[in-house]
Amino acid sequence: MSTRSLQRIIQSVATADGAGVKLRRSLGSSQHARLDPFLMLDEFYSDNPDDYIAGFPSHPHRGFETVTYMLDGRMQHKDHLGNTGDLGPGSVQWMTAGRGVIHSEMPRQTEGRMRGFQLWLNLPPAEKMKPAGYRDIPASAIPELVFDGGRVRVIAGALRLNGQRVSGPVNGPESSLSTEPVFWDLHLDPARQVTLPLPNEHNAFVYLYEGQASIGGEILLHRAAGVLGEGDRLNLVSGSDGARLLVLAGKPINEPVVQYGPFVMNTREEIEQALEDYRQGRLTEPA
Ligand code: FE
């Protein structure tokens, strides 16, 4: 048994994506700011419609999975498969781009707060060209584990704590992903602590998005990714305002990553193929 320490901080930078949606990017802000199998983590948070109203009009993806987690506000997803999904507070959209997806993600509101996250999770080489898949997970389908001092929403992976065991709707018994992702949203009351088990062989990081917290006496930066060292558990202590953070872990793929915008493959040739397929309108066609 060993406790994971805080090993590295990846600060978030202010940037814009889509048609001008303002966001903060921690993982993915540079090639060196990744944590296998995670490619990118964006946080969008604004009360000003000018920051989000333009949305993410039609665009492609190939070679990985996108996970959108909404805290506040509404977005609508539409894709080439004919799926339409409305994302509301507390809900998740888990999309496997695989061989190719062309979709749009547009706000369903003209005022008020828009807040949430988009995570990019890589696929192993053998799965990059698999058929596209898409899941809408309503807030009510995400279980919550309550403990003395806080609660955890379990989006992916299973959590065992104080004799309770909660399995998330993703990577649970009926849908297993080869990176075995863990995606938890943890809320800690003021000045409390919790020890969460995390699979030893996973790479893991936390993202503090509200309040204050520390790991092994090291203070986490607000809106930054805190990359964890090895171990089979994580001990977190919250500050005087409590803390809200994402806990993310996944099995590393250990293969080269070549990214060009929304295409993430293993070689340059595969990227060129993706661009060629996209130009010729074949990105989403079955192999
Ligand atoms: Fe997208």
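The values are calculated or read from the model by the stated rules, or taken from the named source; none is laboratory data. All of these numbers come straight from a predicted model, not from anything done at the bench. As a convention, Cβ positions derive from the backbone with ideal geometry for all residues, glycine included, and neighbour counts pool all protein chains shown. Only protein heavy atoms, including side chains, enter the accessible area calculation; ligands, DNA and RNA are left aside. Shrake-Rupley method; radii C 1.70, N 1.55, O 1.52, S 1.80 Å.
Quick check: at a probe of 1.4 Å, how many percent of the accessible area of the chain sits on carbon and sulfur atoms?
After summing per-atom areas, the C and S share lands at 48 percent.
Quote to one decimal, in nm, the extra length available between GLU111 and ASP148 on full extension: 0.36 nm per residue of separation minus the C-alpha distance between them.
That pair, GLU111 and ASP148, stretches by 9.7 nm at full extension.
Spelling out what I want: for every residue of region 22-37, take phi, set θ = phi - 60°, compute 6.51 cos²θ - 1.76 cosθ + 1.60 (Karplus), and round to whole Hz; glycine and proline get x.
Along region 22-37, the couplings run 7, 8, 10, 10, 9, 4, x, 6, 8, 4, 8, 9, 10, 9, 2, x Hz.
Modelled label-to-label distance, LYS130 and GLU272, 7 Å Cα→beta-carbon offset: nm?
2.8
Taking a probe of 1.4 Å, how large is the accessible area per residue of region 46-112, in Å²?
On the way: 2350 Å² over 67 residues.
For region 46-112, the per-residue accessible area is 35 Å².
³J(HN,Hα) across region 242-250 via Karplus (A = 6.51, B = -1.76, C = 1.60, θ = phi - 60°), whole Hz, x for Gly/Pro?
With the stated coefficients, region 242-250 comes to x, 7, 10, 8, 8, 10, 10, 8, x Hz.
Taking Cα centroids, how far is region 1-38 from region 231-287 in Å?
11
Nearest 10 degrees is fine. How inclined is helix 268-279 to the longest principal axis of the chain, computing both from alpha carbons?
60
Long-range amide H contacts for ALA213: which residues qualify at under 5 Å (H placed 1.01 Å from N, peptide plane, sequence gap of 5 or more or a different chain)?
LEU220, GLY239
I'd like the GluC sites (Glu not before Pro) in region 105-203 restricted to DSSP loop residues with at most 12 other Cβ atoms within 10 Å, sorted by number.
Numbers: sites: GLU105, GLU111, GLU127, GLU144, GLU174, GLU201; in loops: GLU111, GLU174, GLU201.
Answer in residue order: GLU111, GLU174, GLU201.
Order the following by accessible area, largest value first: VAL206, VAL237. Probe radius 1.4 Å; ligands, DNA and RNA are ignored.
VAL237, VAL206
Sum up the charges of everything whose Cβ sits under 9 Å from the Cβ of ARG244, counting Lys and Arg as +1 and Asp and Glu as -1, but leave ARG244 out.
Net charge in that neighbourhood comes out at -2.
Working from the alpha-carbon coordinates of region 1-74, get Rg over Rh, Rh being the Kirkwood radius.
Rg divided by Rh gives 1.03.
Could you run the Karplus curve 6.51 cos²θ - 1.76 cosθ + 1.60 with θ = phi - 60° over region 137-146 and give me ³J(HN,Hα) per residue in whole Hz, x for Gly and Pro?
10, x, 3, 5, 8, 9, x, 10, 9, 9
Could you give the size of the charge dipole of the chain about its Cα centre, using +1 on the Cβ of each K and R and -1 on the Cβ of each D and E, expressed in debye and rounded to the nearest 20?
200
Quick one: check the C-alpha center-to-center distance for region 80-97 versus region 124-202, whole angstrom.
18
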